[in-house]
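What follows draws every value from the coordinates through simple rules; no lab data is involved. Since we're looking at a predicted model, the values are computed, not measured. Note that we place each Cβ from the backbone using ideal geometry, even for glycine, and neighbour counts take in every protein chain shown.
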C-alpha cells in the first residue's frame, strides 16, 4: 500500500505563510531548535537555516524595551537576515520534490520541524522589520491592551503634502534660532576654496539634479513657505545619493541644510541620515575604507549620533554612540557643518558641536567621495530634504593669514538670498576676525563685500555694501569691537574671481574681504 503523503499545497502553507504573515506576538520564551535531523537534506537545511536566522534576531528582542539604540553592525545583521529569508524561500521546489515519496514517519517529522521553523521565521521577520523601522518599542512582558494615556499618545503632525514635487502646505520652521547671539561662540570655519556647491537653483522640479548620482531615486521639490529648491532623499535599503565630487583633499569642510516633513513620534527610532566618506563612488559604504556618521530623526527619545569607521578592510577603532537630543533640530530647518582636518573629524548641528574625534580618519588620502543614505523612514510620511551642499578645501588659518599678509578673502560668510542678513552658521569666520582685532587693539580693517552677477549692477552694488555693513555690525554687537576701527565698502559684481555662468563660480564670487588699513 502506498504511504499517505502530505499534499504540496499543505506543505506550501506550512513553509511559506511566514512570508506574508507578520501578526505573531514578540516571543517571551525562546523557540527550541530541533535536536535531530529529519534525514531529508532540503528539509534539514531549511530548518537549520531558519533557526540560524532566528538566533541572529532573537538577541535583539529586548533592545527596544530598554531603549538601547542599535549599532550600525546590528542593523547590518538584521538587514542581512531579511535578505537570507528571501533566498531561503527559493528552496521551496527542492523541499516539495524531496518530500514527495518519503515515508510517512519522515513526512510527519518533517512537517513538525517545518512548522516550528515557520514560527521562528515569522518571529524573525516581524522582529527584524520592527527593529529596523524602530517600531519595536513595547516591553513584550507588558499587557498590550493597556491604553496609552492621552498625554503620552502619538502627536498629530500637521504638515501635509499635496504632491510629490510641489509641497505647498509645509509649515515654515518656527523655532530656528531667532538671532545671532546663540551663535557667537560657534567655532566652525569653512574651507576657503570651493570644490563643490549646489543649491539646486538650476535644477528642474521633479528631476534628479544633474550633478548627482543614485542607485535608486530622488527628486527636486519646492515649498510655498520655504525658499528655493530642495533635494528629497528617498529612503531605502542600500540606496545612496552621491554628488559628482572626487579627490577630496586632506583638509576640507562640508556644509548643507536639512529640512524635514512628517517627522513625529510615529517616526521610527531607526530613522537616520548617514553621511559617509568613502574610498569608492560605488553604491555601498566603501570597498576597503570609509567613515560614517548617522544623524537620528526619531522623536520618542533622544537617540544618539552614531560614528563608525572602517579601514583596511576591517572595522576601525571608532564605533561610538554620542548622546544628543537633536529632536527639535531635525524637525525644523537646520544646518550641518563638518570639518575634516587630516585625521580629525568634527560635526556641528546648528550652533552645537557634537563630534570631535582626533583620529577618526585612520588613513589619509583614501577617502575621496561623499555619500548620503537615508534609512528607516516611513515611506511617503517621513521625508528629508537637503540644500546648499558646499564642499570647500580648507586648512588656512584666517587669523594668521590676516596678520601676516594683511588681507583675507572668504566665501564662507553666507547671507540670505538677495539680502544682507548673515546666516548664523557663518559666524565662525566673523569670530576669528574678531580674535585678531581683540589681540591687537591697533589694527583697523576695511570690510569689502562682493556679489555674483545675478540681478542688476546697481542693485548688486547696494547689496554688497549692505552685506559689508552687516559684518561690521556683527563684529561690533557680538564681539564688542569698536566701530571706529572698521570701515566698509561694496564692489558688487565688478571684481569676479569665478565664472558667473556656473553655480560654483557664483559661490566663489559671493565673498567678503578683510583688509588691514
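Size estimate for segment 166-393 follows the Kirkwood approach: the inverse of mean 1/r over distinct Cα pairs works out to 17.8 Å. Each part reduced to its alpha carbon centroid, segment 400-422 and segment 253-270 end up 30 Å apart.
Going by neighbour counts of Cβ atoms within 10 Å, the residues 47, 275 line up, fewest first, as 275, 47.
As a length-normalised measure over Cα pairs under 8 Å and 6 or more apart, the relative contact order of segment 166-393 settles at 30 percent. Of 383, 33, the sequence from fewest to most neighbouring Cβ atoms within 10 angstrom is 33, 383. Counting 0.36 nm for each residue step from residue 365 to residue 37 and taking away their Cα separation leaves a gain of 112.8 nm.
For segment 312-424, report the % of Cα-Cα distances exceeding 24 Å. Summing the P(r) tail past 24 Å for segment 312-424 gives 45 percent. Cβ crowding within 10 Å ranks 420, 315 as 315, 420, fewest other Cβ atoms first. Counted residue by residue at 0.36 nm each, then reduced by the alpha carbon distance between them, the extension gain from residue 502 to residue 282 reaches 76.5 nm. Counted residue by residue at 0.36 nm each, then reduced by the alpha carbon distance between them, the extension gain from residue 435 to residue 250 reaches 64.0 nm. Over segment 350-463, Cα pairs under 8 Å with separation of 6+ residues give a relative contact order of 17 percent. List the relative contact order of segment 398-516 as a percent without decimals, with contacts defined as Cα pairs under 8 Å and 6+ residues apart. It comes to 36 percent, rounded to a whole number. Both radii are taken from the alpha-carbon atoms of segment 398-516; with Rh as the Kirkwood radius, Rg/Rh is 0.96.
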